[in-house]
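Read through the structure below, which is laid out as structure tokens, and then see the notes.
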Amino acid sequence: MSSQRLIVFVLALAAALGAYAVWWSDKAETVSEAYNKQFFALFPQGTRISYIVQDSGGFPFRIYHTLSHVAVSVPGYGKMSLEAVDLIHEPWTDNHMIIRFDGKVVRTDAEGALVWSMTAEKNLASLVGGPSGQRSFDQDMRGIVLEGAEETREIPALQFHAKTTGWFGDNSTESIIVTEAEGVPSLY
């Protein structure tokens with residue numbers, strides 16, 4: 001290969017990588033600005049959601065945001081708070097996000113009383129939703145410790161699948177829960 005061809009190849013490669021980096025950065029910013037809209041589409045009207053964007057990254061094949069101090073308050077239901085949530089998706093897909101929950105998850109009722117708190121060794125989820133309004137949510141958890149007001153339970157494995165054409169919890173929601181420990185394949 002001649003030196004001129006090599007220089008042209010290197011310059012073309014650098015231009016392509018630079019263009020991809022600019023596109024990826026724009027996509028990552030667009031995604032981080034759209035979280036509230038996506039989250040509110042999952043819950044009934046009046047839901048309040050707060051979080052802090054702690055970290056971003058994942059270049060070149062993922063867009064990765066860490067949200068901390070996440071709180072979801074649903075009228076008449078109560079509040080759920082999470083220490084940290086990682087939101088991960090590929091920049092070329094707009095309708096699929098992988099979610100990793102980290103730390104303790106706490107659920108309180110509408111009066112603020114503890115309903116349960118939970119930790120898990122593995123807590124991964126997948127959220128898929130398209131322009132049709134149909135959404136699905138899959139969760140795979142292992143090594144769960146569930147603390148209630150009266151007892152603490154250890155659950156070796158839990159898988160949850162829900163599909164809806166509205167917001168989760170309404171009459172159009174279909175869900176399946178698997179809690180058997182033996183023979184449960186990992187979803188992720």
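Quick note: the coordinates plus some simple rules give every number you see, no bench work behind them. All values derive from a computational prediction rather than experimental measurement. A quick note on method: Cβ atoms are made from the backbone with ideal geometry, for glycine too, and the neighbour counts reach across all protein chains shown.
Just a few scattered comments:
- Calculated FRET value between Glu154 and Ala15, using beta carbons and R₀ = 45 Å, to 0.05: 0.25
- Order of Leu146, Leu6 - criterion: other Cβ atoms within 10 Å of each residue's Cβ, fewest first: Leu6, Leu146
- Radius 10 Å from Cβ of Pro91, net charge of other residues (Lys, Arg +1; Asp, Glu -1): -1
- Relative contact order of segment 52-109: 30 percent, from C-alpha pairs under 8 Å at least 6 residues apart in sequence.
- With the simple model of a label 7 Å out from the Cα in the direction of the Cβ, Glu111 to Ala71 spans 2.0 nm.
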